[in-house]
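Beneath this line is the structure, given in structure tokens, with notes to follow.
The values are calculated or read from the model by the stated rules, or taken from the named source; none is laboratory data. Given the structure is predicted, the values throughout are model-derived calculations rather than measurements. Positions of Cβ are generated from backbone atoms using ideal geometry, with glycine treated the same way; all protein chains shown enter the neighbour counts. What goes into the accessible areas is simple: the full protein's heavy atoms, side chains included, and nothing from ligands, DNA or RNA. Shrake-Rupley method; radii C 1.70, N 1.55, O 1.52, S 1.80 Å.
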Amino acid sequence: MNFLFEPPAIPAVPVRGETALFPVNRIFCVGRNYEAHAAEMGFKADREAPFYFIKSPSALVESGATIAYPPGTENYHHEMEFVVAIGGHAFRIAQEDAMSVIYGYGCGLDMTRRDLQFAAREKGRPWDLGKDFEQSAVMAPLTKAADFGAIASQRIVLKVNGQVKQDQKLDDLIWSVPELISHLSRFYHLQPGDLIYTGTPAGVGPVVAGDRLEGEIDGLAPLTLTLGAAA
Ligand code: MN
């Protein structure tokens, strides 16, 4: 193809045991999917239906990176998340069939400009400035679904400078992974390359320049992130 300028590189994530990368198509994020996190945000979790926001694939950052403290915020938060990588096609898929389209799983961080998210929320405006910005979607290498096994009571932990800030279990998820895939597929044609950030446990909080973040989920490759000076 003949482009007017060099197009950006395709965002992609490494996979344990593979030399080829997993190319990222879309990034769906689930809101308030742990009861204790909904509570710390000032809400009772909604049991009627999950809700979503989207991050641009260009927001992707590989684990191990040092990223700049982002512009426009004074309250930059970590949100450790269990991420599902889609490897098949799904449209209006039943919950019973939903696991069949999963490629694998990874540790992710949904980095958030909390002050901008709250300002938007108060005015009933979209969350984009708070959620969808450069370097806001951190991903560790994926582990194939078969190597991970069943989603059960694996621990999900986030440490800042060695101190545990978030610590829950995957069975604390309000909306399970098959429920999320089935529900999302009523609104989108899910396809290989889609990522679903499944929501963050309680304990979100601010990070500052110089902080080192370490995320772990039992059975997955760990995640690290270092905060640099302001952009
Ligand atoms: Mn989140």
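Taking every pair of alpha-carbon atoms in the chain, give the share separated by more than 28 Å as a whole percent.
25
Roughly to the nearest percent, how much of the accessible area of the range 22-230 is carbon and sulfur, given a 1.4 Å probe?
50
In terms of the ratio Rg/(2.2 N^0.38 Å) built on C-alpha atoms, what value belongs to the range 32-100? The partial results should precede the final answer.
Values: Rg = 16.2 Å, N = 69, 2.2 N^0.38 = 11.0 Å.
Here the Cα radius of gyration is 1.47 times the empirical estimate.
Per residue, how much accessible area does the range 22-230 have with a 1.4 Å probe, in Å²?
Heavy-atom accessible area per residue stands at 42 Å².
Leaving ligands, DNA and RNA out of it, work out the accessible area of Phe3 with a 1.4 Å probe and give it in Å² to the nearest 10.
We get 120 Å² for Phe3.
Classify the range 109-208 as rounded, prolate or oblate from the Cα gyration tensor: take a ≥ b ≥ c as the square roots of its eigenvalues, call it rounded if a/c is under 1.5, otherwise prolate when a/b beats b/c and oblate if not.
Cα axes put the range 109-208 in the oblate bin.
What do you get for Rg/Rh of the range 102-152 when both radii come from the Cα atoms and Rh is the Kirkwood radius?
Result for the range 102-152 is an Rg/Rh of 1.19.
Name the residues whose placed amide hydrogens come within less than 5 Å of the amide hydrogen of Val13, ignoring near sequence neighbours (fewer than 5 apart) on the same chain.
For Val13, the qualifying residues are Phe22, Val24.
Based on Cβ point charges of +1 for Lys and Arg and -1 for Asp and Glu, what charge dipole magnitude is obtained for the range 174-231 about its Cα centre, in debye rounded to the nearest 20? Spell out each step's value before the answer.
On the way: 2 positive and 6 negative charges, 37 e Å.
With only Lys, Arg, Asp and Glu charged at Cβ, the dipole is about 180 debye.
For a quick check: with amide H placed at 1.01 Å from N, whose amide H comes under 5 Å from Asp211's, ignoring anything fewer than 5 positions away on the same chain?
Counting only residues 5 or more places away or on other chains, the set is Leu227.
Cα to Cα, under 17 Å, and not fewer than 8 places away if on the same chain: which lysines meet these conditions relative to Lys131?
Lys55, Lys123
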